[in-house]
Amino acid sequence: MRPEEDHAHVRRPVDLVAGSDRRRRQPTQSAAIGIDDVESATGAGPAVVALLEEDEPLVGYFPRKDRGTGTQTDTLRDDDFSVDLEIADCQRIIDQVKSRADDRAHVSEFRDKGAARLKDEGRDADDERTLKIAVQRERKMWVAEKLTDLGMERAQHWGWPNTYTYTKSLGDQVCAAAKDVRACIVRPAIVESAVRYPFEGWNEGFTTSSPLAFLTIKGHRTYPAGDKATLESFLYTKDAHPMALEFYKMMQTEGAGTAKISKIELVDLTPEDVKKASEVQTGPDGSKTQLPLKPTKKLKISIETKSADGSSSSSSESFVAEKDGKYVIPVPAKAK
């Protein structure tokens with residue numbers, strides 16, 4: 001659609017507003033228009049709609065074309081891909097995986113893993129009701145892992161980088177192909193913080209790049225990165241007890257390269273935390289240690305680890321203090 005064209009024909013309620021992210025190349029032309037009198041199916045109020053002219057049709061689109069010098073140098077034909085057949089194939093795969101999960105060998109495996117997990121958690125593995133719930137959880141995790149792997153395999157075959165962009169594009173195409181549904185496909189940018197409402201800079205939660213922005217405000221200018229990234233750069237090591245320093249380094253690198261950080265939280269201290277942080281501790285060598293800085297927050301990191309035996313989760317906590325306008329993790333020093 002040309003920017004100069006009249007957009008009056010979209011100034012009416014729509015049956016569906018769908019977010020889109022097909023990770024395509026930049027469109028040849030684009031026009032962003034604010035439409036005050038277009039309401040979503042939920043009646044949520046005004047919408048901002050981006051109308052894009054693209055040189056490829058939406059329905060039947062897949063991003064893997066001629067890759068040239070890459071690892072995939074072949075060219076897929078347009079008629080290789082069909083959104084209807086793709087969805088049918090995915091449903092068939094889902095049914096197959098769920099059927100495999102009911103195989104007696106798998107059920108026995110789920111029972112073993114469920115019982116082992118209950119024992120690790122200090123719960124009664126002989127209680128039939130508790131064990132049944134644990135088995136169902138193991139089955140659900142196994143199905144989710146298998147479907148994720150198979151979904152990624154299909155997504156990358158067609159050229160999408162992940163299942164997120166793959167399923168979003170399939171949703172686009174289903175909406176675009178539906179003749180009896182008035183659909184508005186919106187392709188918004190990543191939302192980090194609010195421009196105006198409820199106030200400038202507002203951000204819900206502590207996710208995506210928010211932690212980095214928050215650290216920047218506090219004075220940090222460099223950040224660890226990479227598969228084996230650690231939080232060592234945040235350690236405050238002045239006069240640190242040598243054995244305590246080694247322990248803190250080990251704690252920050254736990255799971256590096258094999259684990260996935262699932263959640264990072266910076267939380268307020270409880271009265272018990274304040275008391276614990278001020279106490280003098282006895283080190284492994286019998287010496288007395290204490291934190292050199294008064295903590296103001298606590299950093300909680302949750303990680304997930306996957307292996308051939310299944311997946312597990314764990315978490316670590318560290319006191320956080322402020323030094324020269326920056327957040328740091330103080331390492332215990334010799335008590336004064």
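Read the figures in this text as sums done on the coordinates, not as results from a lab. All figures in this text were calculated on a predicted structure; none of them were measured in a lab. Virtual Cβ from ideal backbone geometry, glycine too; neighbours counted across all protein chains shown.
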Which lysines have a Cα lying under 21 Å from the Cα of Lys179, excluding residues fewer than 8 positions away in the same chain? Lys168
Contour minus end-to-end for Ser316 and Asp89, with contour as 0.36 nm per residue of separation and end-to-end as the Cα-Cα distance? 77.5 nm
Could you name the lysines in cross-link range of Lys146, using Cα to Cα under 16 Å and dropping any fewer than eight places away on the same chain? Lys98, Lys306
The pairs in Lys119/Lys334; Lys260/Lys288; Lys218/Lys275 lying past 32 Å Cα-Cα in this model are Lys119/Lys334; Lys260/Lys288
Could you check the spin-label model distance between Lys260 and Asp78? Points 7 Å from the Cα along Cα→Cβ, value in nm. 3.7
